[in-house]
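Engineer: Got a structure for you, questions after.
The values are calculated or read from the model by the stated rules, or taken from the named source; none is laboratory data. Keep in mind that what you see is a predicted model, and the values were worked out from it rather than measured. Methodologically, a virtual Cβ is constructed for each residue, glycine included, from the backbone with ideal geometry; neighbour enumeration extends over all protein chains shown. Surface accessibility is based on the protein's heavy atoms, side chains included, excluding ligands, DNA and RNA. Shrake-Rupley method; radii C 1.70, N 1.55, O 1.52, S 1.80 Å.
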Amino acid sequence: MQPLPGKPHFLQPLLPTPFSERTHALSQVDSFIQWSGYTTVDVFTTAEQEYFAIRNATSLYDLTPMVKYRIAGSGAERFLNRLVTRNIAKLKEGRVAYTVWCNDAGHVIDDGTIFRMGAEEFRLCAQERQLDWLRDAAIGFDVAIDEITEEIAALALQGPTSCAVLKEFGVRGAERLKPFEIGRFTVDGLEITISRTGFTGDLGYELWMAPRDALAVWDRLMAAGKSRGIRPIGSQALDMARIEAGFIMLNHDFVSAEHTIRAGRDRSPLELGLDWLVDFNKGHFNGRRALLTEKQRGVRRRLVGLDVAGNKPAHNALIYSDHTGIKEIGSVTSAIWSPTCKRNIALAMIDAPHFDIGHTVWAEIYLNRELVWERRMARAQVVDKPFFAPERRRATPPADF
Amino acid sequence: MTASLSTTAAPQRRFDAIIVGAGHNGLVAACYLAKAGLSVLVLERNDYIGGAAVSRQLYPEFTYSNCSYVCSLLRPEIMRELELPRHGLQIIPYEGGCTMMRDGGHLALYDNHDALRREIGRHSKRDAEAYDRYSRDVMRQCKFIKPLLMRSPPDPTSFKPRDIMELLYLAKRFNGMGEERMYDTIRFWTMSAADFLDEYFESEIVKAHFAGSSIIGTALGPRSPGTAYVLLHHYMGDIDDAVGAWGFARGGMGAVTKALAASFQEKGGTIHTGAGVERILTRNGRGVGVALTDGTEFYARTVISNMDVKRTFLQTMDAKDLPDEFLRQVRNFKIRGSSGKLNIALDGLPEVPAIPKGAPCTRGDMHVTDTIEMMERAYDDWKDGFWSRAPYIDMLIPSQIDPTMAPDGKHYMSVFVQYCPYRLANGAPTETGWDDTQRKAFGDTVIDTIARHSPNFKDLILHAEIRTPWDIEREVGLTEGNIFQGELTMDQLLFNRPIPGYAQYRTPVKGVYMCGSSTHPGGGVMGAPGHNAARQVLGDLRLAA
Amino acid sequence: MAARYDHIVVGAGHNGLVCAAYLAKAGKRVLILEASDRLGGASVTRDFAAGFSVSACAHLLGQFQSDIVRDLGLARHGLRFVSGPMPTAALSPDGRPVLLSAPGRSAADADAYPAFTARMHRLARSLLPILGMAPPRLGTDAWSDRRGLLRMAWSVRRLGRTDMRELLRIIGMNAYDLMEEHFESALLKGALGFDAVLGTNFGPRSPGTVLTLLYRMAAEAGAGGPRAVQPEGGMGAVADALAKAARAAGAEIRREAPVERILVKDDRAIGVVLASGEEVAAGSVVSSADPHTTFMRLLGPEHLDTGFVRRIKHFRHKGLAAKLHLALDGLPAFSGLDPSTLGGRLLIAPSLDYVEHAYNHAKYGEYSKAPALEITLPTVNDPSLAPAGKHVLSAVVQYAPYDLAGGWEAGRERFTDIVIDTIEHHAPGLRSLIQARELLTPVDIEREFRIAGGHWHHGDLAFDQFFMVRPVPGAAQYRAPVAGLYLCGAGAHPGGGVMGLAGRNAAAKMLEAA
């Protein structure tokens, strides 16, 4: 769907993506969301059916609204290394790294992926726009930062048959792409950059292309995937998959430190359980001193996985230290019944010292049963993440299904 | 609605409390006292109530909010406790706002976050995103200050338990912000709006648009330290928890005081209009009542003045009842006329070529000052005793949203003008104030300024009321026509407002209180001073609020 | 790289020298590195025409703390004064100047003046302990921070209720209103108001200018009373005495050794690299350079967090004061001024509105069309500064914004003429005495004294850049975010003016950390 001709932003604030013409046509239930200034599909048919395309076949998801920045210049590597918590000097050309970046206090501003496109050129994919922060972070570095969200259309192709679909689509050598690797391909004159990345914790790829090629790529992928069960999915299905994969999401599991109004709502990577992303030995980076202090002192709370008794998702549940429900020790940030694991899973922010693996806590769950609310105290155990991690997500070359 | 003296056969002379002035704060205080069971009399000099919150018909079929024109600061607690919605008050939010630029461009503000981002992004992509940081920081300050509005400031020099407790409360709240934000707060309260905005934005038009509220009603320029606070003062309001939202009162600003009066009268209160107070009467060093200009006297053990401090103590009280040092401080209290107002009846909606057709931003505040420098130069004119040659104006056409303000197809426009001096350097100000030629020249400056952005504006004018600070003083009774009853500078805020040592609504004379905007937390149609004063009175009378 | 030194002091300005002297006195091995070939930074005497010398930046000494003079034995090291407390004359366009010590134009003013100054000095003195302490941090559990806050509160509280109330009221006010509250005479108000804005980015109507006035008076109180004095040999003599004191205590001074970069290893400052490429190691580094130079150039943003860099970026540091030097053939005569007062401070600030108008231009990147001036004739008290019978005129000129529209190359000569015309009006015949002239704009001050922005105070002195937030939160306790790096210049609390407190406070903080 092209933008309605002549509708200015004050009458139509949200942009269509280059795929909207197709996605809107395929949408059966008219369920859309606002995502970073775009309208995208939340549910095409039902979230459950779409979810199973991720875990069983191939799902196609319009990723265009993901905020993208081009970061280029002789100081790009130094700039990024000072910006984010991981060591970007170690990131090789043609590779992708997941990372977070913090403010001075060591609190997370956003998480995202960094693509090393060349020696001095990177792409930063973020959940939110932050040119303001990035440009201030660039003071003193020889680097140019431009938002390129509108210049690049993006699709996520995820699921066990996704590699097979790519091959059918005409991407030669797709099977050789390792996790977090980037490849550049030309298929019938369509230039596509493919990264073996995703937000589902399954085998999958993300495809990056010029907006003018977007519909052609979509159509050919749908045709190529026909016999492999390809199906367009909306954000709800993706959200189920990402919780199973233990991935965190901005404004669900944490709030950007650039946006919090109240004191004490910011979260550090250590609190989010992302210690493995923080490289204290690479030299200075934003928030390092504060994080070092926090590490020495020990975190006050941590985001953990919960295995909750029963089968009722613990949405928004408060967490208590015991079944009496007197001592509040945290709350659930994301929760679903996992259709694949057949477990009632949740991500929860829990105070020290209750967050260690194996610890038992209690979740206060409210159930709406035919308009009558019932309260349940459910036993829950702190467990390791991810909840679901199939081998196929890492195997290179992947199997065909 | 109001009972005037002449229609009352045997007027009651003795009340528990008398309130001098039926402005919004006087009426709020009156309501709370009546609610606590006191017999309360409100005396108003004009033939109509409302003070600076009035709706007036000065041209047939048009309603002018001819003084205050925006309703955002009125505390929701007061609206709820006094049941103002039931008494007819309804507040409708603005749908946007805009600044028209000299080069034909514009910047608009929209409620929708994405529309706003794309709009600011037309001027600077970075500023569009910095806006989130800006509103976050303003919101953080609002959250810190909001609870303080409805509290009496402590006296930092006092060792009384109440003052010490209140200081500790302040310290605790401040401390609760965390180290970094405490420093931010110190800076925020003391810096200039221009410097503050420089820390967020790069685009001149974006800075100019937001700087506007830092000068409204104040005799400072956007580069004067302390104006960042004034900016916040205008943002402190909230409509249904949307902090910073501005709105119209349906039926004009008089709807606010009308609802207050109805609430008051339902509680058994009495209002006399056309009853100007000549003197606050004292006996043995305590307030006992008031005498009207016609000689009538009313008696009460509590007299509360809704007038500003200069009017209260220099014109309505006897100097010998007041300590010299206090009088000196009252004379030193800064109440400066810096704003004018035009109320215009229009034959139709003016064209504004700068604004794209269909953009809702004209249903909010419109401006024509596109740089901070322009604003600062406007202030320089005022310092020299002239009205600004290129004034900052805050104009609204409420009749677009509120059909009660003007006949169908016609429109009422409210134009607030910054800066306009009380005294002109060249000639005026005499006993008779501004003469008609000067007043007209001032009005023409404003009308020409608007006409530069609207080709058919002048042709549409049916009637224009031009109000200089001198006119506002004469009609409303505000000294120098200052809309805040006193500058909102650091030396006149919190425990310094209005006079150090007298920030808790009491005066040196027992039984005489203040409840106007001269007191904490200051001006704007907020109602907090009235509420806080009533609580102080009831506390002193050992009655629960 | 073995550390030969405990501390390296970057810059031999007066604060750097004070800091070094205190450190050395405490037994530390100290090396001072100065970029130029002379010591003193902005406290310097140099030639500006053949045979004529002048205190090229700061030209009076009224704020140098007497306890520092005593601690460091500066008298012993050659610091002598050629003047007692200098009188201040407010020059008047009508040729009838007024002495501030006896402002006789109006009887009411003459009555009000002593009470006003007495009270202002009382209030200023209550701020003196604040100037002499390292600002406490807020919201910490540290006892030292709480003690600092209590000390502040006590110092103010001790004033008693009436004075405390007055202090809390006026401290946020502007000088304009304060003067209007007390005096009638435009000349007196103008002169007092000008003192409040001297060296600031404000006009007398700017709120916060009572703070700058009180601050100045507090510093003077710490220097032994309200006075301005002239050191023998100009301000360079202060630097010389400090250098001697530092050397006597064991500090080493290297000139023409500009620091290129501060060396950081494992998030700790371990020394410096000189422009020559030479590396010098030390246990810690203290910089008397301005915050922009220290953090953005010498240290580099890669060692700092983005929020901190953002704050440094917004630290307002652009100067508005220029300095005029005239080499004169003889002593000029000022209309109506007794020659005995020519050795004093002569102010051209005939009314508050005059100064405010001068400021108006600066807001828009213009120089003042009618500037306000603080003039001295240093050769009246100290003939050694010029050939026999000749004289020097040294004047602080406001306002001359760093970012002059059109640039200073184009504007310098025209502005110099305006300034000279302004003086000539009060001293007819001055022009014919001029042998040589020099105007140092903030851009020149930046170049000559290596102060980014050319601001004497290294950064605006204003409430939002004062005390706990000076220069920025995170570096307000003289300690940089990088361990082992300290600040001791005017960019740190309590700011500029030749008073030596930033250097002394920083040294105390460093010794405490050691």
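Engineer: For segment C:177-208, what are the residues that are away from chain B (no Cβ under 12 Å), of a type in the set (D, E, K, R) and within 16 Å of residue C:107 (Cα to Cα)?
Structural biologist: Within segment C:177-208, C:184, C:189 meet the criteria.
Engineer: Return the residues of segment A:319-337 that are of a type outside the set (A, V, I, L, M), within 24 Å of residue A:56 (Cβ to Cβ) and buried (at least 21 other Cβ atoms within 10 Å of the Cβ); say none if nothing qualifies. Talk me through it step by step, then tell me what you get.
Structural biologist: Our first condition is that a residue be of a type outside the set (A, V, I, L, M); within segment A:319-337, this holds for A:320-325, A:327-328, A:330-331, A:333-334, A:337.
Okay, now just the ones that are also within 24 Å of residue A:56 (Cβ to Cβ), so A:334, A:337.
Across segment A:319-337, the qualifying residue is only A:334.
Engineer: Restricting the search to segment A:120-139, which residues are over 22 Å from residue A:207 (Cα atoms), open to solvent by 10 Å² or more (accessible area, probe 1.4 Å) and not in a loop (DSSP other than H, G, I, E, B)?
Structural biologist: Result: A:135, single match.
Engineer: Applying the selection to segment A:184-207, what residues are of a type outside the set (Val, Ile, Thr), open to solvent by less than 10 Å² (accessible area, probe 1.4 Å) and in a strand (DSSP E or B)?
Structural biologist: If the condition is that a residue be of a type outside the set (Val, Ile, Thr), open to solvent by less than 10 Å² (accessible area, probe 1.4 Å) and in a strand (DSSP E or B), then A:195, A:204, A:205, A:207 are the ones that fit.
Engineer: Check whether at least one residue in segment A:352-370 is outside any strand (DSSP E or B), modelled with pLDDT of 95 or more and surrounded by 19 or more Cβ atoms within 10 Å (Cβ to Cβ), and report yes or no.
Structural biologist: yes
Engineer: Does segment A:112-141 hold any residues that are more than 30 Å from residue B:136 (Cβ to Cβ) and of a type outside the set (A, V, I, L, M, F, W, C), and which are they?
Structural biologist: Within segment A:112-141, A:116, A:118, A:120, A:121 qualify.
Engineer: Residues to consider are B:84, B:107, B:74, B:116; find the one that is touching a residue at least 12 places away in the same chain (Cβ under 8 Å), within 30 Å of the chain's Cα centre (by Cα) and assigned to a helix (DSSP H, G or I).
Structural biologist: B:116
Engineer: Among the numbered criteria (1) within 14 Å of chain A (Cβ to nearest Cβ); (2) open to solvent by 20 Å² or more (accessible area, probe 1.4 Å), which single criterion is violated by residue C:269?
Structural biologist: It is condition (2) that residue C:269 fails.
Engineer: Same structure again: Just to check your reading of the model, which residue among A:243, A:248 is in a helix (DSSP H, G or I), touching a Phe, Trp or Tyr at 6+ places or on another chain (Cβ under 9 Å) and closer than 21 Å to residue A:109 by Cα?
Structural biologist: Working: A:248 fails: in a helix (DSSP H, G or I).
Result of the check over A:243, A:248: A:243.
Engineer: Does segment C:60-86 hold any residues that are open to solvent by 50 Å² or more (accessible area, probe 1.4 Å) and either not in a loop (DSSP other than H, G, I, E, B) or not basic (Lys, Arg) (or both), and which are they?
Structural biologist: Matches in segment C:60-86: C:70, C:71, C:75, C:81, C:85.
Engineer: Now for a separate question. So if I check each of B:375, B:317, B:366, which one is in contact (Cβ under 8 Å) with a residue 60 or more places away in the chain, within 30 Å of residue B:270 (Cα to Cα) and in contact with a strand residue (DSSP E or B) (Cβ under 7 Å, 6 or more places away or on another chain)?
Structural biologist: B:317
Engineer: List the helices (runs of 4 or more DSSP H) that sit entirely inside segment B:433-545 and contain at least 2 residues that are within 22 Å of residue B:378 (Cβ to Cβ) and among the charged types (D, E, K, R).
Structural biologist: Correct list: B:436-451, B:469-476.
Engineer: Okay, next question. Checking the condition under 28 Å from residue C:355 (Cβ atoms) and open to solvent by 50 Å² or more (accessible area, probe 1.4 Å), which residue from C:102, C:110 passes?
Structural biologist: C:102 is the lone residue from the list that is under 28 Å from residue C:355 (Cβ atoms) and open to solvent by 50 Å² or more (accessible area, probe 1.4 Å).
Engineer: When the residues of segment C:272-300 are narrowed to those that are open to solvent by 10 Å² or more (accessible area, probe 1.4 Å) and within 12 Å of chain A (Cβ to nearest Cβ), which ends up nearest to residue C:503 (Cα to Cα)?
Structural biologist: Looking at the filtered set, the residue picked out is C:292.
Engineer: On to the next question. Go through B:130, B:108 for me and flag whichever is in contact with a Phe, Trp or Tyr (Cβ under 9 Å, 6 or more places away or on another chain) and away from chain C (no Cβ under 14 Å).
Structural biologist: B:108
Engineer: For segment B:313-335, what are the residues that are more than 14 Å from residue C:181 (Cα to Cα), under 25 Å from the mean Cα position of the chain (by Cα) and open to solvent by 60 Å² or more (accessible area, probe 1.4 Å)?
Structural biologist: Once the filter is applied, which keeps residues that are more than 14 Å from residue C:181 (Cα to Cα), under 25 Å from the mean Cα position of the chain (by Cα) and open to solvent by 60 Å² or more (accessible area, probe 1.4 Å), segment B:313-335 yields B:314, B:315.
Engineer: Now for a different question. Could you list all residues from segment A:107-154 that are touching a Gly at 6+ places or on another chain (Cβ under 7 Å), small (Gly, Ala, Ser) and touching a residue at least 12 places away in the same chain (Cβ under 8 Å)?
Structural biologist: A:126, A:144
Engineer: Then there is this: Evaluate the following for residue B:250: is it closer than 30 Å to residue B:364 by Cα and surrounded by fewer than 22 Cβ atoms within 10 Å (Cβ to Cβ)?
Structural biologist: Yes.
Engineer: Let me ask another. What residue, among those in segment A:142-165 that are within 14 Å of chain C (Cβ to nearest Cβ) and farther than 23 Å from residue A:257 by Cα, is least open to solvent (accessible area, probe 1.4 Å)? It would help to see each step written out before you state the result.
Structural biologist: First, pick out the residues of segment A:142-165 that are within 14 Å of chain C (Cβ to nearest Cβ): A:142-143, A:145.
Now narrow it down to the ones that are farther than 23 Å from residue A:257 by Cα: A:142-143.
Values: A:142: 98, A:143: 28 Å².
Per the stated criteria, the residue is A:143.
Engineer: Are there any pairs, at least 6 apart or on different chains, whose C-beta atoms fall under 8 Å, with the first in segment B:406-417 and in contact (Cβ under 8 Å) with a residue 24 or more places away in the chain and the second assigned to a strand (DSSP E or B) and open to solvent by 10 Å² or more (accessible area, probe 1.4 Å), and if so, which?
Structural biologist: B:406/B:63; B:410/B:462; B:412/B:63
Engineer: Has segment A:172-179 got any residue that is buried (at least 17 other Cβ atoms within 10 Å of the Cβ) and in contact with a Phe, Trp or Tyr (Cβ under 6 Å, 6 or more places away or on another chain)?
Structural biologist: no
Engineer: From C:43, C:36, C:53, which residue is in contact (Cβ under 8 Å) with a residue 24 or more places away in the chain, over 26 Å from residue C:371 (Cβ atoms), hydroxyl-bearing (Ser, Thr, Tyr) and touching a helix residue (DSSP H, G or I) at 6+ places or on another chain (Cβ under 9 Å)?
Structural biologist: On inspection, the qualifying residue turns out to be C:36.
Engineer: I need the full set of residues from segment B:91-104 which are open to solvent by less than 40 Å² (accessible area, probe 1.4 Å), modelled with pLDDT of 95 or more and outside any strand (DSSP E or B), in order please.
Structural biologist: If the condition is that a residue be open to solvent by less than 40 Å² (accessible area, probe 1.4 Å), modelled with pLDDT of 95 or more and outside any strand (DSSP E or B), then B:101 is the only one that fits.
Engineer: If I filter segment C:119-131 for residues that are out of contact with any strand residue (DSSP E or B) (no Cβ under 7 Å at 6 or more places or on another chain) and within 12 Å of chain B (Cβ to nearest Cβ), do I get at least one hit?
Structural biologist: Within segment C:119-131 (the criterion being out of contact with any strand residue (DSSP E or B) (no Cβ under 7 Å at 6 or more places or on another chain) and within 12 Å of chain B (Cβ to nearest Cβ)), the answer is no, since none of the residues qualifies.
Quick grid of which residues meet (1) touching a residue at least 40 places away in the same chain (Cβ under 8 Å); (2) within 14 Å of another protein chain (Cβ to nearest Cβ):
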{"residue": "A:16", "(1), (2)": "no, yes"}
{"residue": "A:25", "(1), (2)": "no, no"}
{"residue": "A:29", "(1), (2)": "no, no"}
{"residue": "A:42", "(1), (2)": "yes, no"}
{"residue": "A:46", "(1), (2)": "no, no"}
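Engineer: Now a separate question. Which ones in segment A:252-299 are among the charged types (D, E, K, R), in a loop (DSSP other than H, G, I, E, B), crowded, with 16+ Cβ neighbours inside 10 Å and more than 8 Å from every other protein chain (Cβ to nearest Cβ)?
Structural biologist: Taking segment A:252-299 first, the residues among the charged types (D, E, K, R) are A:253, A:258, A:262, A:265-267, A:271, A:275, A:279, A:282, A:288-289, A:294-295, A:297.
From the residues that got through so far, the ones that are in a loop (DSSP other than H, G, I, E, B) too are A:253, A:258, A:262, A:265-267, A:271, A:279, A:282.
If we keep only those that are crowded, with 16+ Cβ neighbours inside 10 Å too, we end up with A:253, A:258, A:266-267, A:271, A:279, A:282.
Within segment A:252-299, A:253, A:266, A:267, A:271, A:279, A:282 meet the criteria.
Engineer: Hey, among the residues in segment C:153-170 that are at the interface with chain B (Cβ under 8 Å from one of its Cβ atoms) and either in contact (Cβ under 8 Å) with a residue 40 or more places away in the chain or not in a helix (DSSP H, G or I) (or both), which one's surrounded by the fewest Cβ atoms within 10 Å (Cβ to Cβ)?
Structural biologist: C:166
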